[in-house]
Amino acid sequence: MHEVSIAEGLLATAVNECKKSGYGRIEKVSIKIGKASGVMPEALLFAFDAMKSDTIAGAAVLDIEEVPLAGTCLTCKKDFETEESYLLCCPHCDSSSFKIISGRELDITELEVF
Ligand SMILES: [Zn+2]
């Protein structure tokens, strides 16, 4: 399950950032997950909660914001956004040449530390 290694990475980054700024406790980790990143938010939450107990993030809440898949079509030049987790062609003109603008990210957007 690759959510486990992602949760591990998130936790390590959060703990590092927290210590670097001289704080000792993490209250909240806010992240953005693109719908096309292939990460299941529920699985990530589960993995995060299972792993955090022995760390300074033991009481931390993982706040997940899902980012829809969005892009621009190179053929009809229109922007699009979809709730799907993948896209084979432009929803407007069925062209297969398009550029993904967002939906693949996995970033920590905010850390609440004390
Ligand atoms: Zn198009």
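The values are calculated or read from the model by the stated rules, or taken from the named source; none is laboratory data. Everything quoted here is computed from the prediction, not taken from an experiment. Glycine gets a Cβ as well: all are built from the backbone with ideal geometry, and neighbour counts include every protein chain shown. Ligands, DNA and RNA are stripped out before the accessible areas are found, and what is left, the full protein with its side chains, is counted by its heavy atoms. Shrake-Rupley method; radii C 1.70, N 1.55, O 1.52, S 1.80 Å.
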Given +1 on the Cβ of Lys and Arg, -1 on the Cβ of Asp and Glu, and no further charges, what dipole in debye does the chain carry about its Cα centre, rounded to the nearest 20? 380 debye
Counting only Cβ distances under 4.7 Å between cysteines, those in the chain with no partner are CYS18, CYS89
Those lysines that a straight Cα-Cα span of less than 24 Å connects to LYS77, excepting residues fewer than 8 apart in one chain: LYS35, LYS99
Just read off the accessible area of ILE64 with the full protein assembly in place, 1.4 Å probe, to the nearest 10 Å². 40 Å²
In deg cm²/dmol, rounded to the nearest 500, the helical mean residue ellipticity at 222 nm of the chain, built from -39500 (n - 2.57) for every DSSP H run of length 4 or more, is -9000 deg cm²/dmol
The chain, accessible surface, carbon-and-sulfur percent (1.4 angstrom probe): 51 percent
Exposure rank, largest accessible area first [LYS78, LYS28, LYS19, LYS52; 1.4 Å]: LYS19, LYS78, LYS28, LYS52
Compute the acute angle (0 to 90°) between the alpha-carbon long axis of helix 2-20 and the principal axis of greatest extent of the alpha-carbon atoms of the chain; round to the nearest 10°. 60 degrees
Provide GLU3, GLU81 ordered by accessible surface of protein heavy atoms (probe 1.4 Å), highest first. GLU81, GLU3
